[in-house]
Each structure stands twice: as C-alpha cells, then as structure tokens.
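The values are calculated or read from the model by the stated rules, or taken from the named source; none is laboratory data. All values reported here derive from a predicted model rather than from experimental measurement. All Cβ positions, even for glycine, are placed from backbone atoms using ideal geometry, and neighbour counts span all protein chains on display.
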Amino acid sequence: MRTIIRLLTLSIIFLLMLSGCSTRPTILRMDENVQTDFSGRWNDTDARIIAQSMLKDVLARPWLKQFQSNKGRTPIVVVGEIRNMSSEHIDTNPFIYDIERELLNSGIVRFVVGDSIREKIRQERADQQTPLSGAAFSKYGAEIGADFMLVGVIGSTVDAVQGEKAVAYKVTLELISIETGEKVWIGDKVIKKIIKQSKTSW
C-alpha cells in the first residue's frame, strides 16, 4: 500500500514538473495591418483608420485649391498638439506619426517638423557654423515656415451596464492658417466599439 501511495505521489510530482515546463508563452507574428483588439481600448488600428480617413477628407476640401490659386504653390503644413481628453490614457505620438505619414506621402502638401524636432535642428545648424575642415554645413535663413497648423483632440464617451460596455472615440481635427489664424477646415471621425465580458462590472 505504501509503495502504491509513493508511486502515486511521484507521478503527481512528475506531472506538475511537466506542466511547469510548458508555461512558456506562445508567440505569433502577424502583419502590421491585421486588426488586433483584445481589450476594446484605443489602439494602433484605431489611430491608423482615423488618420487615413481624416487626411483624405482634409486634402479634398476647398482650402487646398484656394491656397494653390492665391499663392501659386503647394501649401506647407505642420502638425501641432493633439490633446487626449478621453476617459483613458492614450499615447498620442503614434497617432501624430500616422497623420504626418499620410500628409507627407500624399504628395499634395509639403510638410515640416514640429517644435521639439525643429529646436534640435536649429541647435545642430548653430553647431555647424564652425565646421570641421572639409565638412559641409547648413546656412541660416534656409528654414521653411509652415502655412497651416493641424491641431486636434481625442475624446470618448462610455455607456456601460454589467458585462457590456459601449465606447465611442471621437477625434476632431482643425486646420488653421498660421498667417491669419483662420480655421480653413474642421473634421471629425468616430469609432464605436461594443465590449462584452461576462461576470464583470464596469
């Protein structure tokens, strides 16, 4: 009897050791454009969809042809602050990058960097005014200013009951003339999500 109990104990220990060895995470690589949405919170897919949709809209509006007709050139745009006013923490930097990419790759407008990067470039330009022998350097006065600044806000509304939640993310963007302060375009985009989870109170 004791031998049987001892064998059963050893078998249980062996099985536990095996199960402990199989707890390594499973990793699955996937295409960056595949939608992954486990929590229902704001994610990279939301940022990409909204950026593509809103930039398509802004570049199709009358302000663009009016500027080209009046100035005879392509407008220069800079992305300003995108504020997060939603109910959750959202890193707006990836969203800003998506907007910058869509603007630049459109080929319809010219694009300059924002304040933080511009200051670094100015410092580098200043450092180059005393170049090393044979080194190239950038001249002052060649920096291009923007004609328009794109700013915006990310907001959200939440409606929840036990085990089910509806979240609506609304992004509003405004294009403002730097010369006159006039708003030449306002656009918004809403993404709605229904999140269901059993035995959970929101």
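Figures for the structure shown
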item: Subset of segment 62-91 (residues that are small (Gly, Ala, Ser) and either under 21 Å from residue 51 (Cα atoms) or assigned to a loop (DSSP other than H, G, I, E, B) (or both)); result: 72, 80, 86, 87
item: Criterion violated by residue 185 - all others in (1) modelled with pLDDT of 90 or more; (2) at positive phi satisfied; result: (2)
item: Segment 92-129: number of residues that are part of a loop (DSSP other than H, G, I, E, B), surrounded by 14 or more Cβ atoms within 10 Å (Cβ to Cβ), at pLDDT 85 or above and not polar (S, T, N, Q); result: 2
item: Strands (runs of 3 or more DSSP E) fully within segment 145-202 counting 3 or more residues that are more than 30 Å from residue 76 (Cβ to Cβ) and touching a Ser or Thr at 6+ places or on another chain (Cβ under 9 Å); result: 148-161, 164-177
item: Residue that is farthest from residue 181 (Cα to Cα), among those in segment 38-77 that are under 16 Å from the mean Cα position of the chain (by Cα) and among the hydrophobic types (A, V, I, L, M, F, W, C); result: 42
item: Test result for residue 176, in contact with a strand residue (DSSP E or B) (Cβ under 7 Å, 6 or more places away or on another chain) and at pLDDT 90 or above; result: yes
